[in-house]
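The values are calculated or read from the model by the stated rules, or taken from the named source; none is laboratory data. This structure is a prediction, so every number in the text was calculated from the model and none was measured. Note: ideal-geometry Cβ built from the backbone for every residue, glycine included; neighbour counts use all protein chains shown.
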Amino acid sequence: MKTSSISLVFLFCAVVVAKLPGSAGDPVGSCPAIDGAIPVYLSDSVSCEIFYECSQGIANLQYCPPNPDDSGATRLHFNKAVNVCDYPDRANCNL
């Protein structure tokens, strides 16, 4: 009985942590199986601060760096129009 209670608590904590701001969801889109000359980047389904860099068909999770002027957002946001981490007001991420 004690083992099942511990398992339920662990599962609950894992679900709560997975939904915290800044936690990753899933890549929006898919990576090509073979890399081309231009890198492919994908946005995250739940966080503006996360993006994915594709490599050989695998989406590798990346975090944008800290926001240097900390204007309310702790990190820069992924700007999918230009494939860079950008200031939140320029990135137009509306999650």
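Quick rundown of the values:
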read-out	value
Residues located in the stretch 41-57, provided they are out of contact with any Phe, Trp or Tyr (no Cβ under 9 Å at 6 or more places or on another chain) and either loosely packed, with under 14 Cβ neighbours inside 10 Å or assigned to a strand (DSSP E or B) (or both)	45, 55, 56, 57
Pairs where the first residue, in the stretch 73-90, is outside any strand (DSSP E or B) and the second is of a type in the set (Ser, Thr, Tyr), C-beta under 6 Å, 6+ apart	80/43; 83/41
Of all residues making up the stretch 60-95, the number that are among the small types (Gly, Ala, Ser), surrounded by 18 or more Cβ atoms within 10 Å (Cβ to Cβ) and at pLDDT 90 or above	1
Test: residue in the stretch 11-26 that is modelled with pLDDT of 95 or more and within 13 Å of the chain's Cα centre (by Cα)	yes
